[in-house]
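Since the structure comes first, as structure tokens, the remarks are kept for the end.
The values are calculated or read from the model by the stated rules, or taken from the named source; none is laboratory data. Worth saying up front: this structure is predicted, and the values here are computed from it rather than measured. Because the Cβ atoms are built from the backbone with ideal geometry, glycine has one as well, and the counts that use them run over all protein chains shown.
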Amino acid sequence: MTSLPLIDIAPLVAATRERAEVAAQIGEACRAHGFFYITGHGMAPALTQRLEDLSRAFFALDEATKMRWRMELGGRAWRGYFPLAGELTSGRPDWKEGLYLGTELPEDDPLVLARTPVHGRNLFPDLPGFKTAILDYMAAATRLGHVLMEGIALSLDLPASYFAARYTADPLILFRIFNYPTQPVPGNLDVQWGVGEHTDYGLLTILRQDDIGGLQVRTAQGWIDATPVPDAFVINIGDMLDRMTGGLYRSTPHRVVRNTSGRDRLSFPLFFDPNFHARVRPIEGLPRPAVVDDSATRWDRANVHAFNGIYGDYLLDKVSKVFPQLRDALLPG
């Protein structure tokens, strides 16, 4: 296989009888390598274009201005801007800059009052219309996440509401806006990739790419390019769905090559994850792969099937390694 499968999910969005066929295609893609494109998603092109235009305007600002919304000011909410080489994968800096966002919660929300990590207010740059574009996009992508999880449930011969009833009635939504510049890397930095090899942590990632490309997926046949498809999203499953399905649906390693296109590259991953306090358990009755523990071949050498705790514990362990300088602000204490 040299390309990712392309699935028209319009029947799933419309909840028509044909959604069973769509669910079967999703299941096949999840078993093969955990990545696929979707069309027929119902997301308005004008919405994504507005977000792209405003994001380019934000990243065009000088660094001193962008640092007015730096992550150090986001505290336990884990929100804000980070500069080039400010994020690590496997201990090495990635050649990208970005804006961390998530579900917008007021100061009097019970989760915020309880000082729950990765919950709170966003640090919205004050470009006119940017806040509205971000919130509108996150709301639409979150609705899409609920639809896709219904399709994944049906692909496993489970009720469509299986995940919503147990994990995602109030999902943890984390959203990133990344910019991959074309400028050369300073010689004093150990940078090899736009993003190094990794898997995602939660249930589902909904990725909007621009037209430049750079995402690569590791398959059994080797690394393949996730070439941008007009008006399509790239979907991949995360570690928690791997854990829930006992390895039947694997969270697949992927990476982003350094951008040498001559134009800055944008990407918009939204992570649709279990509720922070949900205890993630295996789904009973599913067929078990011959090899469940694949930690020897994983990028982080971790066994997701040995994890025991709430999703928030798993997430905090991972993200505190991505920004070690912010670890004390995020971890309980």
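Structure data summary
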item	result
Count of region 101-158 residues which are farther than 30 Å from P287 by Cα and among the polar types (S, T, N, Q)	4
So F124, is it in contact with a Lys or Arg (Cβ under 6 Å, 6 or more places away or on another chain) and either on the phi < 0 side of the Ramachandran plot or at pLDDT 95 or above (or both)	yes
Failed condition for R243, given (1) in a helix (DSSP H, G or I); (2) within 27 Å of F124 (Cα to Cα); (3) basic (K, R)	(2)
Some residue of region 183-203 being within 18 Å of the chain's Cα centre (by Cα) and over 24 Å from R258 (Cβ atoms)	yes
Restricting region 233-273 to residues that are without any contact (Cβ under 8 Å) to a residue 60 or more places away in the chain and in contact with a Ser or Thr (Cβ under 7 Å, 6 or more places away or on another chain), the residue that is surrounded by the fewest Cβ atoms within 10 Å (Cβ to Cβ)	P253
Identity of the residue in region 15-31, surrounded by 16 or more Cβ atoms within 10 Å (Cβ to Cβ) and in contact (Cβ under 8 Å) with a residue 40 or more places away in the chain, that ends up farthest from D242 (Cα to Cα)	R19
Flag for T297 being surrounded by fewer than 20 Cβ atoms within 10 Å (Cβ to Cβ), β-branched (V, I, T) and without any contact (Cβ under 8 Å) to a residue 40 or more places away in the chain	yes
Members of region 175-232 that are assigned to a loop (DSSP other than H, G, I, E, B), touching a Ser or Thr at 6+ places or on another chain (Cβ under 6 Å) and in contact (Cβ under 8 Å) with a residue 60 or more places away in the chain	T199, A232
Options T205, T227, T219: the member that is of a type in the set (S, T, Y), out of contact with any Cys (no Cβ under 9 Å at 6 or more places or on another chain) and modelled with pLDDT under 95	T219
When residues of region 305-333 are limited to those that are hydroxyl-bearing (S, T, Y) and over 21 Å from E97 (Cα atoms), the one modelled with the lowest pLDDT	Y314
Residue match in region 182-191 (condition: at pLDDT 95 or above and within 24 Å of R208 (Cα to Cα))	no
Some residue of region 163-173 being of a type outside the set (D, E), modelled with pLDDT of 95 or more and part of a strand (DSSP E or B)	yes
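Residue by residue, here is whether (1) closer than 27 Å to E97 by Cβ; (2) within 18 Å of the chain's Cα centre (by Cα); (3) at pLDDT below 95; (4) not in a loop (DSSP other than H, G, I, E, B) holds:
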site	(1), (2), (3), (4)
F268	yes, yes, no, yes
F272	yes, yes, no, yes
F276	yes, yes, no, no
L286	no, no, yes, no
V292	no, no, yes, no
D300	yes, yes, yes, no
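Okay, residues lined up against (1) surrounded by fewer than 19 Cβ atoms within 10 Å (Cβ to Cβ); (2) free of Cβ contacts under 8 Å to residues at least 60 places away in the same chain; (3) not hydroxyl-bearing (S, T, Y):
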| residue | (1), (2), (3) |
| --- | --- |
| T89 | no, no, no |
| R92 | yes, no, yes |
| K96 | no, no, yes |
| G102 | no, no, yes |
| L105 | yes, yes, yes |
| D109 | yes, yes, yes |
| V118 | no, no, yes |
| P125 | no, no, yes |
| A133 | no, no, yes |
